[in-house]
Amino acid sequence: MIGGADAMRVELIENAGLPARILWMLAAVAGLSVANLYYNQPLLDMMRADLGVSEFQANLIAMCSQVGYAAGLLFIIPLGDLFHRKRIIEINFLLLVLSLTGIAVAPDIRVVLAASLVTGVCSVTPQIFIPIAAQFSTPETKGRNVGLVLSGLLTGILLSRVVSGVVGDWWGWRTMYVIAALLMGVSFIIVMRGLPDIAPTFQGSYAGLMKSIFSLVRQFPPLRVYAGRAGLAFGSFLALWACLAFRMAQEPFCDGSDVVGLLGLCGVAGALSASFIGRYVKAVGVKRFNYLGCALMLASWLCLSFLRDTYAGMVLGIILIDIGMQCIQVSNQTSMFEVAPKAANRVNTIFMTTYFMGGSLGTFLAGSAWAFGQWSGVVCVGILLALASLGVTMATRY
C-alpha cells in the first residue's frame with residue numbers, strides 16, 4: 001500500500017482533536033468525490049442531443065445519480081461502523097474510475113443510466129468523512145470542522161458545474177467524464193497515503209447493524225425531524241438544477257452548458273456560509289436556522305418566477321436558494337450528531353439517505369413538471385417542497 005506506513009503513524013482519538021492536514025485532506029477529497037453527482041447538470045441538454053433522447057429521459061440521468069447516492073448512503077455508509085473506513089473508501093474510488101469511464105464511452109442512454117447509478121452509489125465517500133470530522137474533533141471545534149468539510153463538499157459541487165459546463169462547451173460532455181475518472185484515480189492515491197486507519201465501532205453482523213439504524217430512527221424522534229425537513233428542502237433545491245439547463249437553452253437566453261456552469265458560481269455564497277452557520281448552530285438554534293432557510297428558498301423561487309427572463313433574476317434566485325439550503329443542511333446535520341454521537345456513521349446514514357431521497361423526489365417531480373408546464377411547473381414544485389419543509393418545522397418542537 002503506497003505510503004501506508006506514514007498514514008498509520010497518526011492515531012486518531014475520539015474528541016481529542018483532528019490534525020489540520022487530515023482535516024484539509026478530508027475537505028479537498030470530499031469536494032472531488034461529490035462533484036461526480038453534479039457534472040451532468042450543465043450537460044443534460046448536450047447529452048440529450050448527442051444520445052437522441054427526450055428531455056424527460058435526459059433528466060433521468062441526474063435522478064439515477066441521486067437514487068444511487070441514496071442507496072449508497074443506506075447500504076454502504078453504515079459499513080464505516082462495522083469495517084475499516086479506509087478500505088471502504090479505497091474500493092469506492094476504484095469503482096468510480098470504472099463507472100465514470102463507462103459513462104464517457106457509453107453508446108446509448110441505457111449504459112449512461114446504469115453507470116450513473118453506480119457512480120451515485122460510490123460517490124458517498126464525503127459522508128464517511130463528515131462523521132470522522134465530528135467524531136475526532138474536540139467538542140468546541142466539532143461544528144467548525146464539520147462545517148469546513150461541508151465547505152469543501154459544497155465547493156466541489158460549485159466547481160463541478162462550472163468545470164463541466166466549460167469542458168462540455170469546449171471538448172464535449174464525454175471528455176468531462178474522462179477527466180472525472182482520472183481525478184478519482186488521484187483521490188485513491190491521496191487517501192492511501194494520507195488517511196489513518198480507523199477501527200470499527202460496532203460489534204456484530206451487517207444485518208444487526210442495519211437493524212440498529214431503524215432502531216435509532218424509532219428511538220430518537222429528532223432524527224426524523226432533522227432528516228425529513230432537510231430532505232424536502234433539498235428536493236426544492238435540486239428542482240432548480242434539474243431543469244436549469246433546459247430553461248437556459250430557451251428564449252431569451254439560448255445559452256449552452258458553459259453559461260449554465262458559470263451560473264453555478266453564484267453558489268459560492270452558500271459554500272462560504274456553511275462554516276459560519278456551523279459555528280452558530282448552538283447559539284442561534286436549529287429551528288431558527290430552518291425558518292431562515294425556508295424563507296430564503298421561497299424568496300428565491302419568487303425571483304425565479306417573476307424575473308425568469310432576466311439574468312439578474314436567475315443569479316439572485318440561485319444565490320438565495322444556495323444560502324437557504326446551507327442554513328437548513330448544516331444546522332440539521334450538525335444537530336443530528338449530537339443526538340447519538342456513538343453512532344456517527346449510522347446517524348449520518350439516516351440523515352443523508354433521507355436527504356437524497358428528497359433530492360431524487362425533487363428531481364423527478366421537476367422533470368415531470370417541465371414536461372407538462374415548462375419552467376412554471378418547476379417553480380410550483382420548488383415552492384411546494386420548500387413549504388413542506390417549513391411545515392415540518394412549524395409542526396414540531398425541534
Within straight-line cross-link reach of K282, aspartates and glutamates at Cα separation under 12 Å, skipping those fewer than 8 residues along the same chain: E140, E338
Taking 1 over the mean of 1/r across every pair of different Cα atoms in region 239-398, what Kirkwood radius in Å do you get? 16.5 Å
Reachable lysines from K342, criterion Cα separation under 17 angstrom, eight or more residues apart if same chain: K142, K211
Take the Cα radius of gyration of the chain and divide it by 2.2 N^0.38 Å, with N its residue count; two decimals is plenty. 0.93
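What's the magnitude of the charge dipole for the chain around its Cα centre, counting Lys and Arg as +1 and Asp and Glu as -1 at the beta-carbon? Answer in Debye, nearest 20.
1200 debye
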12 Å beta-carbon shell around S257, net charge (K/R +1, D/E -1): -3
What are the ³J(HN,Hα) couplings of region 355-370, residue after residue, when phi is run through the Karplus curve with 6.51, -1.76, 1.60 and θ = phi - 60°? Round to Hz, x for glycine and proline. 4, 7, 5, x, x, 5, 4, x, 5, 5, 5, 5, x, 5, 5, 4
Computed, not fitted: 222 nm per-residue ellipticity of the chain from DSSP H runs ≥ 4 (each -39500 (n - 2.57)), nearest 500, equal to -27500 deg cm²/dmol
For V162, what charge total do you get from the other residues with a beta carbon under 13 Å from its beta carbon, if Lys and Arg give +1 and Asp and Glu give -1? -1
Listed residues Y291, Y39, V381: farthest to the positive end of the dipole of the chain (Cβ charges): Y291
Grab the other residues whose beta carbon is less than 14 angstrom from that of V111, score K and R as +1, D and E as -1, and report the net. 0
Distance between the C-alpha centers of region 141-198 and region 218-248? Whole Å please. 22 Å
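The numbers here are math on the coordinates, done by the rules we state, and not lab data. No experiment lies behind these values; they were computed from the predicted model shown. Ideal geometry is used to build each Cβ from the backbone, glycine not excepted, and the neighbour counts take in all protein chains shown.
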